[in-house]
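The values are calculated or read from the model by the stated rules, or taken from the named source; none is laboratory data. For clarity, every value in this text was computed on a predicted model and none was experimentally measured. Cβ coordinates were reconstructed from backbone atoms using ideal geometry, including for glycine residues, and neighbour counts include every protein chain displayed.
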Amino acid sequence: MMTAEQPAIVRTFRVGKRTVTLSVETPRRGEVANMICEWSPDRPRRLSRKEWREYRRGRDAALADLAEAMGATVGVMEL
């Protein structure tokens, strides 16, 4: 759940037939920020290889924008 603060970044991109809206809260110095990923019209159970590439391309571009805006290094861990 996002906080009442405005997110540092919100990006929307296509993955296959779906739209992904990625929001990252403004991180506090030395803390971990949360990334919220919303899928429309629904969250897929699985992604094809092509869809994984599209998702990672959009996610990585959003995180690069965040890193540039914050003047910081940004990393992501996939589980």
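Filtering region 25-36 to residues that are modelled with pLDDT of 85 or more and surrounded by 15 or more Cβ atoms within 10 Å (Cβ to Cβ) leaves only Met35.
Listed conditions (1) surrounded by 12 or more Cβ atoms within 10 Å (Cβ to Cβ); (2) out of contact with any helix residue (DSSP H, G or I) (no Cβ under 9 Å at 6 or more places or on another chain) are all met by Arg18, apart from (2). Taken over region 32-55, the criterion of being outside any loop (DSSP other than H, G, I, E, B) and farther than 13 Å from Gly16 by Cβ is satisfied by Met35, Ile36, Cys37, Glu38. Taking the criterion of being touching a residue at least 24 places away in the same chain (Cβ under 8 Å) and at negative phi, the residues of region 8-33 that qualify are Ala8, Ile9, Arg11, Phe13, Arg14, Val15, Arg18, Val20, Leu22, Val24, Pro27, Ala33.
Taking the stated definitions as given, is Leu66 touching a helix residue (DSSP H, G or I) at 6+ places or on another chain (Cβ under 8 Å) and either of a type in the set (A, V, I, L, M, F, W, C) or at pLDDT below 90 (or both)? When the stated conditions are applied, Leu66 does not pass them.
If I ask for residues that are in a loop (DSSP other than H, G, I, E, B) and touching an Asp or Glu at 6+ places or on another chain (Cβ under 8 Å), which ones from region 6-31 would you list? Passing the criteria: Pro7, Ala8, Gly16, Glu25, Thr26.
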